[in-house]
Every structure is written in structure tokens, then in C-alpha cells.
Amino acid sequence: MEEVKKTLYSGVQPTNNLTIGNLLGTLRSWRGLQEDYDCIFAAANMHAITVRQNPAELRQKTLALIALFLACGVDPEKSIVYVQSQVPAHAELCWALNTFTYVGEMERMTQFKDKSARHADNINMGLMDYPVLMAADILLYQTDIVPVGLDQRQHLEISRDIAQRFNNVYSPTFKVPEGLYPKMGAKICDLLEPTKKMSKSAENPNGAVFLSDDKDTVLRKFKRAVTDSENCIKYAPETKAGVSNLLTIYCAFSDKSVAEAEREFDGKGYGDFKLAVGEVVADKLAPLQAEHNRLLADKAYLEKVMADGAERAYKLARKTLSKVYKKIGFYQV
Ligand code: TRP
């Protein structure tokens with residue numbers, strides 16, 4: 001008998017440069033997850049337009065994101081890799097789910113409040129509807145598991161609420177998804193403000209290491225990383241945020257334990273330590289960048305991956321949408 005795997009869904013927005021935090025927290029685990037789950041990975045370009053984008057850049061970044069998924073080891077034969085806007089069912093289900101979502105609860109979403117503050121000149125309906133579109137993404141595929149960062153937890157919770165509401169009004173229609181949150185050590189902080197999460201939209205780009213940074217840039221950023229004046233390389237996130245963050249990064253990239261790393265750097269100065277962290281990161285990024293560039297040079301192949309992925313996704317999505325349309329009383333083509 002063929003083993004039935006659970007379905008796992010995740011999406012990434014093709015907007016700003018991704019950082020090593022995104023790699024460690026999300027992308028790096030995808031290769032392995034493909035063994036245990038039927039995986040569906042999306043470039044969430046419909047989410048991206050909730051803040052103003054340059055069209056040519058958005059198109060290019062979408063292609064680059066698909067290439068990055070593959071460079072990180074996602075196998076498009078095994079998993080479904082696609083671009084959200086190429087599957088119209090997302091917008092269609094979003095509309096239906098909007099009628100099961102309250103304005104008040106959307107206004108209270110943390111990310112909506114943050115983004116409204118940052119983009120005060122463009123608080124558009126899409127920005128407010130962002131969580132409902134995300135719920136549509138997840139629910140369309142009868143998803144069991146959604147690996148997300150903690151910043152997306154509230155969005156996943158609302159997806160579960162919306163699914164349950166719909167199921168209660170009609171009859172079981174959607175699977176209610178579970179979150180899969182990264183293990184400890186996955187939280188990577190800004191190099192200049194080590195109590196804040198490393199962010200792709202950080203004010204000072206020197207605080208974040210981007211996946212596209214070359215070796216010199218990586219070394220320079222680590223050289224300038226904020227530490228403290230104790231000259232002691234110990235993991236103590238409460239009192240030594242900078243050093244602890246560097247240790248976390250070092251361990252994640254070298255697959256060493258914190259204890260091993262502390263022993264290795266015992267008695268060494270911060271200068272040597274920062275150089276070592278920079279080197280291990282740059283050396284791990286190099287093959288990923290090479291593979292990314294190789295894929296990007298083959299646009300025809302990437303477009304084929306996108307077209308195949310969209311077709312496979314569409315078939316699954318259509319099934320759920322048909323169920324929904326039937327239950328709510330819509331005629332269908
Ligand atoms: N909102 C997510 C983020 O910015 C991206 C995303 C869109 C997503 N749709 C999704 C993540 C569905 C998980 C599942 O990180």
C-alpha cells in the first residue's frame with residue numbers, strides 16, 4: 001500500500017533580499033521536509049503587492065525566488081513549486097473566506113498595525129486582507145502542516161479560526177492546519193542591534209547578512225558586528241546579546257554545538273571570533289549562490305518549473321474550491 005504523506009504548505013514573498021535568518025529559519029529545512037511530507041512551496045507574489053512594488057523588479061524577484069527554492073534543494077519533481085498568482089483559485093477562495101472574517105479582527109492583527117504605521121500613505125484593503133489570502137493559500141490544499149516563523153503565528157491562528165468557522169456553518173470542508181515552528185537557535189538577530197530580529201527590511205543593511213552578499217561583504221558585516229567589552233566568548237543571550245547571536249550563527253552554519261564553539265574560541269579575541277563566523281557563513285553561502293546563478297541563467301527551465309507547478313497546484317486547489325462553491329450555493333462552470 002502506498003504510504004499517504006501529510007501535506008505541508010509554505011510561502012515566501014518575492015520582495016526584498018532574503019537574509020541568513022530566512023535561510024536558517026525556513027529555507028534550509030525544506031530539502032529534508034520533502035522526505036516526510038507532500039510539500040507545496042509558493043512564491044507569494046499576491047501578498048507582495050500589498051505594498052507598492054516596481055513591476056519589473058517584482059517579476060525578476062519572483063523568478064529569482066523560485067530559483068532560490070531549487071538552489072536550497074527543493075526538488076520540483078517531488079514537491080510542488082509555483083507562483084501564487086498563476087493559480088486563480090487563491091483570489092477566488094480569498095473572496096469567499098472574506099465573508100467569514102471580521103473587520104475588527106483584521107484591524108487587530110499585529111502585522112497589519114505595523115505595516116500600516118510603516119506605509120501610512122498606502123493602507124490599502126489588500127494589506128488588511130493579507131491574512132485572509134494567506135488562509136486561502138493554506139486551506140486550498142487541505143494542508144496539515146505549515147512551517148512558519150513566529151512572526152506568522154497570528155496569521156496561522158486566524159487561518160485555523162476561519163477554517164473552523166466555515167466548517168461549523170456548513171460541514172467539514174477544510175482541514176484545520178497545524179503550525180510547525182523552528183527550533184531554538186533559529187532566531188537570528190541583527191548584527192548591529194542584536195536584541196532585534198535580523199530583518200530583510202532593516203533600517204541599516206549592515207545589520208543583516210543577505211543570501212546574495214559576497215564574501216567581502218559578509219566578512220565586513222561580521223567585522224562590524226556589535227559585541228561587548230568583556231572579551232569573553234560565552235553564550236548568554238540576556239547579558240551578551242551580540243556575542244550570543246554570533247555564536248548562534250556560527251553553530252548553525254558549522255553544525256557545531258554551542259559548547260563546542262565556546263571551547264574552540266576559549267581565550268580568543270573578538271576579532272578572530274568575528275572573522276571565523278564570517279568565514280563559515282561566506283563559505284556556506286558560496287555554493288548556494290553558485291547554484292542560484294546557474295539556475296537563473298536557465299530561464300526557460302525555471303519557467304517550465306513554474307508552469308508545471310501551477311498546473312499541479314491548480315488541480316488540487318480546484319477540488320477544494322469546487323467543494324466550497326457547492327456548499328455556499330454557487331453555480332460552477
Ligand atoms: N506571509 C508569509 C510571510 O511573509 C508568506 C506566506 C504567504 C505564507 N502565504 C503563506 C506562509 C502560506 C505560509 C503559508 O512570511
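The values are calculated or read from the model by the stated rules, or taken from the named source; none is laboratory data. What you see is a predicted model, and the numbers here were worked out from it, not measured in a lab. Reconstructed Cβ throughout: ideal geometry from the backbone, glycine too, with neighbour counts over all protein chains shown. Ligands, DNA and RNA are stripped out before the accessible areas are found, and what is left, the full protein with its side chains, is counted by its heavy atoms. Shrake-Rupley method; radii C 1.70, N 1.55, O 1.52, S 1.80 Å.
Just from the alpha-carbon atoms, what are the Rg and Dmax of the range 6-147 in angstroms?
15.3, 45
For the range 210-333, what size does the Cα cloud have along each of its three principal axes, sorted from largest down, in whole Å?
Principal-axis extents of the range 210-333 (Cα, largest first): 72, 37, 23 Å.
Under unit Cβ charges (Lys, Arg +1; Asp, Glu -1), what dipole magnitude, rounded to 20 debye, does the range 1-149 have relative to its Cα centre? It would help to have the intermediate numbers written out before the result.
Numbers: 12 positive and 16 negative charges, 112 e Å.
Charge dipole of the range 1-149: 540 debye, to the nearest 20.
Report, as a whole number in µm² per second, the diffusion coefficient that Stokes-Einstein gives for the range 7-73 at 37 °C and 0.692 mPa s using the Kirkwood radius over alpha carbon pairs. Show your work: numbers first, answer last.
Values: Rh = 12.5 Å.
Result for D is 262 µm²/s.
In the range 68-136, what is the volume of the convex hull around the alpha carbon atoms, normalised per residue and reported in Å³? Provide the component values of the computation, followed by the final result.
Details: hull volume 9.0 nm³, N = 69.
Dividing the Cα hull volume of the range 68-136 by its residue count gives 130 Å³.
Find the relative contact order for the range 68-165 and round it to a whole percent, using C-alpha pairs within less than 8 Å whose residues are 6+ positions apart.
Working: 55 pairs, mean separation 30.1, N = 98.
About 31 percent, as a whole number.
With the dipole of the chain worked out from charges on the C-beta (+1 for Lys and Arg, -1 for Asp and Glu) around the Cα centre, which of SER29, ILE123, ILE40 lies farthest toward the positive end?
Looking along the dipole axis, the top candidate is ILE123.
Between 0 and 90 degrees, rounded to the nearest ten: what's the tilt of helix 153-169 against the longest Cα principal axis of the chain?
20
Placing one identical point scatterer on every Cα of the range 75-178 and ignoring solvent, what is log10 I(q)/I(0) from the Debye formula at q = 0.09, 0.17, 0.24, 0.25 Å⁻¹?
Once normalised to I(0) and log-transformed, intensities are -0.24, -0.83, -1.41, -1.46.
Let me spell out the model: positive unit charges on the Cβ of Lys and Arg, negative unit charges on the Cβ of Asp and Glu, origin at the Cα centre of the range 114-230. What dipole size does that give, in debye rounded to 20? Don't skip to the answer; put the middle values down first.
Values: 16 positive and 17 negative charges, 35 e Å.
Dipole size: approximately 160 debye.
Go through the range 120-194 and name the chymotrypsin sites (Phe, Trp or Tyr not before Pro) that are in a DSSP coil and have 15 or fewer other Cβ atoms within 10 Å of their Cβ. List each step's numbers first, then the result.
Working: sites: TYR141, PHE166, TYR170, PHE174; in loops: TYR141, TYR170, PHE174.
For chymotrypsin sites (Phe, Trp or Tyr not before Pro) across the range 120-194 that sit outside H, G, I, E and B with at most 15 neighbouring Cβ atoms in 10 Å, the list reads TYR170.
Once Lys and Arg get +1 and Asp and Glu get -1 on their Cβ, which of ILE80, VAL132, VAL148 lies farthest toward the positive end of the dipole of the range 4-149?
After comparing all options, I get VAL148.
With angles folded into 0 to 90 degrees, how steeply does helix 270-296 sit against the dominant principal axis of the chain? Use alpha carbons for both and round to 10.
40
How are the Cα pair distances of the chain distributed, in percent, across 20 Å bins from 0?
Taking all Cα pairs of the chain, the binned fractions are 29, 55, 15, 1 percent.
Percent relative contact order of the chain, based on C-alpha pairs within less than 8 angstrom and at least six residues apart? Walk me through the numbers before you get to the answer.
Working: 486 pairs, mean separation 73.2, N = 333.
Relative CO of the chain lands at 22 percent.
By its C-alpha gyration tensor, with a ≥ b ≥ c as the square roots of the eigenvalues, how is the range 267-333 shaped: rounded for a/c under 1.5, else prolate for a/b larger than b/c, else oblate?
Oblate, since a/c reaches 1.5 and b/c is not below a/b.
Mind ranking LEU247, LEU180 by accessible surface for me, highest first, 1.4 Å probe? Display every interim value, and only then the final one.
Numbers: LEU247 0, LEU180 65 Å².
Sorted by accessible area, descending: LEU180, LEU247.
Quick check for me: using +1 on Lys/Arg Cβ and -1 on Asp/Glu Cβ, what's the dipole size of the chain about its Cα centre, in debye to the nearest 20? Could the numbers behind the result be given before it?
On the way: 43 positive and 42 negative charges, 127 e Å.
For the chain, the charge dipole is close to 620 debye.
For the range 106-146, how big is Rg over Rh, using alpha carbon atoms and the Kirkwood form of Rh? Before the final figure, lay out the partial values.
Values: Rg = 12.2 Å, Rh = 11.2 Å.
We get a ratio of 1.09 for the range 106-146.
Could you report the accessible area of LYS113 in Å², rounded to 10, computed with a 1.4 Å probe on the protein chains as they sit in the structure?
110
Taking the C-alpha atoms of the range 189-265, how large are the radius of gyration and the largest Cα-Cα span, Dmax, in Å?
12.3, 35
Considering only protein heavy atoms, with the full assembly of protein chains and a 1.4 angstrom probe, order TRP95, TRP30 by accessible area, largest first. Show your work: numbers first, answer last.
Details: TRP95 175, TRP30 0 Å².
So the residues, ranked largest to smallest area, are TRP95, TRP30.
Any chance you could give the angle, 0 to 90 degrees and rounded to 10, that helix 241-254 forms with the longest Cα principal axis of the chain?
Between helix and principal axis, roughly 70 degrees.
Quick check on the chain: helices-only [θ] at 222 nm, where DSSP H runs of length 4 and up contribute -39,500 (n - 2.57) each and the sum goes over total residues. Nearest 500, please.
Numbers: 13 runs with 174 residues, N = 333.
Theoretical 222 nm ellipticity from helices: -16500 deg cm²/dmol.
Could you order ARG224, ARG312 so the one with the most accessible surface comes first? Probe is 1.4 Å.
Values: ARG224 130, ARG312 90 Å².
Reading off the accessible areas and sorting them downward yields ARG224, ARG312.
Radius of gyration and Dmax for the range 124-224's Cα atoms, expressed in Å?
Looking at the range 124-224, its Cα Rg and Dmax stand at 18.4, 59 Å.
With label points built 7 Å along Cα→Cβ from the Cα atoms of GLU3 and ALA297, find their separation and express it in nm.
In this crude label model, GLU3 to ALA297 measures out at 3.7 nm.
When only Cα pairs under 8 Å and 6 or more residues apart are kept, what is the percent relative contact order across the range 122-174? If you can, show how the numbers build up before the last one.
Details: 28 pairs, mean separation 19.8, N = 53.
RCO, the range 122-174: 37 percent.
What's the longest bit of the chain with no exposed GluC sites (Glu not before Pro), using DSSP loop states and at most 14 other Cβ atoms within 10 Å as the test?
Within the chain, the longest run free of exposed GluC sites (Glu not before Pro) spans 78-202.
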